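Sending over a structure as structure tokens; questions will come in a sec.
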Amino acid sequence: MINLAVFVSGRGSNLRALFNEFYSKENAPQIKFVVSNKPDCPALAFACEKGIQTLVLSKKSNNQKVTYEELAVILHNNDVRLIVLAGFLKKIPEEFIDKFKGKIINIHPALLPKYGGKGMYGMNVHKAVFESGEKYSGATVHFVDNIYDHGEIILQEKILVENLDSPEEISEAVLRIEHKILPQAVFAVVNQMSEKVGNNE
Ligand code: GRF
């Protein structure tokens, strides 16, 4: 069983999708920590409700909050092997990304490399897709490197959006795809990790 940390900033529907997919399944990855930059977000409340350990990030630590440096130590000490950004809307410091190279993945609500990069998050993405009159949109899960929405793509699925009437409708349709491909992508990465371990034994 591989330990995960899920980073969130908002509503937490992707966190729920992961939880529902993995909870009490044999050999499924385990969500060991839910980490947020927003102490009051619904995603953290959901984690607490389910008895998952939560951590809140801050520039300065106190007895309720941790810095990225402290977080890195906690994750290492608890053998967290994969970090999943599931609607985490804050840029992660380069040093932290370097420490977890190849171990951080992100869900993006568009077909990367289109509609990615700085400022392209949440409804901004769906507005841009709508205004461009795109035939398709979709979701992408990719590895995280030090450039926004740039790392290697793990999984992508597209849907027809040309008949949808607003960015909000696109957002709803894409979210359904996110909930489907994020758990699939986590499984794929975790399986690859287990194979590597197996091959080295
Ligand atoms: C998702 O659309 C995700 O792709 C984006 O932010 C949204 C988060 O939704 N980065 P939720 O918090 O998982 O419900």
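State the Cα centre-to-centre distance between the range 106-126 and the range 1-57 in whole Å.
22
Report ³J(HN,Hα) in whole Hz for each residue of the range 147-155, in order, from the Karplus equation J = 6.51 cos²θ - 1.76 cosθ + 1.60 where θ = phi - 60°; Gly and Pro get x.
10, 3, 6, 10, x, 3, 7, 9, 7
Kindly identify the range 62-162 as rounded, prolate or oblate by the Cα gyration tensor criterion: order the square roots of the eigenvalues as a ≥ b ≥ c, call it rounded if a/c is under 1.5, otherwise compare a/b with b/c, prolate if a/b is larger, else oblate.
prolate
Also, quick follow-up: Return the long-range amide H neighbours of L111 (sequence gap of 5 or more, or a different chain), with a cut-off of under 5 Å between placed amide H atoms.
It is G138, by chain and number.
Hey, which of these cross-link pairs are over 21 Å Cα-Cα: K101/K127; K25/K180; K65/K90; K127/K158; K90/K135; K25/K158?
Distance filter (> 21 Å) returns K101/K127; K90/K135; K25/K158.
What are the ³J(HN,Hα) couplings of the range 17-27, residue after residue, when phi is run through the Karplus curve with 6.51, -1.76, 1.60 and θ = phi - 60°? Round to Hz, x for glycine and proline.
With the stated coefficients, the range 17-27 comes to 4, 5, 4, 4, 6, 9, 4, 6, 9, 4, 6 Hz.
Moving on. Reachable aspartates and glutamates from K114, Cα under 12 Å, same-chain residues fewer than 8 places away excluded?
Straight-distance partners of K114: E134, D149.
Can you give me the distance in nm between label points at Q53 and M123, each placed 7 Å from the Cα along the Cα-to-Cβ direction?
Taking the simple label geometry, Q53 and M123 are separated by 3.7 nm.
Which listed residue (N106, I177, S137) has the Cα farthest towards the positive end of the charge dipole for the chain, taking +1 on Lys and Arg C-beta and -1 on Asp and Glu C-beta about the Cα centre?
N106
While we're looking at this one, here's another question. In nm, to one decimal, how far is the M1 label point from the R176 one, both placed 7 Å along Cα→Cβ?
3.3
Restricting to DSSP loop positions (anything but H, G, I, E, B) with no more than 10 other Cβ atoms inside 10 Å of their own Cβ, which GluC sites (Glu not before Pro) remain in the range 143-200?
E152, E162
Computed from the coordinates by the stated procedures, all read-outs in this text should not be read as laboratory data. Note that the structure is a prediction, hence the values are computed from the model and not measured. Virtual Cβ from ideal backbone geometry, glycine too; neighbours counted across all protein chains shown.
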